[in-house]
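Contents: one structure, followed by commentary.
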């Protein structure tokens, strides 16, 4: 049953994506907030599909901790789930993403129109400088900059691999950084078809205020996110079904 529901969800997910891309076409001639509004609608629809097709819900914790205005959001990244779910959490979100996504016809145009910030991973220091300048401008506009500090998805329970770029952004932009922990990888495993029923838990942690030493910030950020993520994974394993726990344990043994 889990497999059948997962297949059905994936079909509906891609259909939903195509529909919202078509809806977004007229927004390419409108202000950026129009395409962002369509993206947030896409995210809410995906969450609805997960809840009703796969039995996978979400619990948001600590939403009151999100400060108003321009901020940096440093989130754990375990699956594709957070790439659409986090859109629904913020009023004016901007993702930092790999530049290759901007080359996809229509989808990439929407990313560009929405002000998403591409990163050329092969350009080294020059890419970091360009990204920082764009982040600084977006923060000044009052937007919420979402970055995945590890740079890519990491399976639930895997050892962390944080990159120092987030510390450069923190030191340069003068904005609070809001850490986010989650356990989405338990229910939406990386590079897997299955979507397990249960509840993704997302925890917004206390903001790290600007002005601190970037090395101390980097250490604090990793400790906060990893400590809370480990706790959320432990909680999630309690309500993850037998099939999900078996899948998680098998993945752990292969790591």
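No value in this document is a laboratory result; all are computed from the given coordinates. Just so we're clear, the structure is a prediction, and the values are computed from it rather than from any experiment. Cβ: placed from backbone, ideal geometry, glycine included. Neighbour counts: every protein chain shown.
The table for this structure:
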quantity: Equivalent ellipsoid, the stretch 2-254 (semi-axes from 5 times Cα gyration tensor eigenvalues, Å); calculated: 28, 24, 16
quantity: Relative contact order (percent, whole number), the chain, Cα cutoff 8 Å, 6+ residue spacing; calculated: 25
quantity: Theoretical ellipticity at 222 nm over the chain - DSSP helices of four or more residues, -39500 (n - 2.57) apiece, nearest 500; calculated: -15000 deg cm²/dmol
quantity: Label zone at residue 246, where the point sits 7 Å out along the Cα-to-Cβ direction: the stretch 1-43 residues whose backbone N lies under 14 Å; calculated: 1-3
quantity: Spacing of the two label points (7 Å from each Cα toward its C-beta) at residue 158 and residue 126, in nm; calculated: 2.9
quantity: Hydrodynamic radius of the stretch 14-98 per Kirkwood, over alpha carbon pairs, in Å; calculated: 14.3
quantity: Using a Förster distance of 25 Å, the FRET efficiency for residue 17-residue 91 (Cβ separation, nearest 0.05); calculated: 0.65
quantity: For the stretch 74-218, the Rg and Dmax computed from alpha carbons only, in angstrom; calculated: 15.3, 43
quantity: Once the Cα gyration tensor of the stretch 134-182 is diagonalised, semi-axes √(5λ) in Å; calculated: 23, 11, 9
